[in-house]
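Visitor: Take a look at the following structure, please.
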Amino acid sequence: MLNFKRGLTLWSRNKGEWISNQVIKNINVGLCNGFLFRQATEPREFLGALYAVNMVSIMLSASASVNALLDGRSVFYKHHSSNFYSALSYVVGQVAALVPAMIIDVTVLGSLLYWMVGFKATADAFIIYFLYFLMFNILMLQIFNVF
């Protein structure tokens, strides 16, 4: 819980500027990939669109968070050596604190891509796509945070 509160505090300090930057970035990436794979007809084009947007999005997010990650690691090492909390609680708190930011990213970027590429136009399919896209982004961000 302590790590979750710390993560939310760090995120909320520059929330307005960060949200506007992320929304602009996601609109640009979504439009570029949406126009590139516009109205795809074959399954490999759908997979290409998903791969391209995920990799670009994850690389931009990971590269933007390197400084904060390195600062956070030094705090974690200091707290962990003093037995404040375990590594598992730190990771769970950081992931939980990033969920609101990821939801904003996935909503903007995922919606643009979904409708421009021409995926199945039903609510069920969109919700499944949204949840997979959200889980994949969280997973990939954590993988990049390890390195």
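The values are calculated or read from the model by the stated rules, or taken from the named source; none is laboratory data. What you see is a predicted model, and the numbers here were worked out from it, not measured in a lab. Each accessible area value is taken on the protein alone, full model and side chains, heavy atoms only, with ligands, DNA and RNA left out. Shrake-Rupley method; radii C 1.70, N 1.55, O 1.52, S 1.80 Å.
Visitor: With the calculation restricted to Cα positions, what are the radius of gyration and Dmax of region 76-134 in angstrom?
Guide: In order Rg, Dmax, the Cα atoms of region 76-134 give 17.3, 53 Å.
Visitor: So how exposed is Leu113, as accessible area in Å² (1.4 Å probe, rounded to 10)?
Guide: 0 Å²
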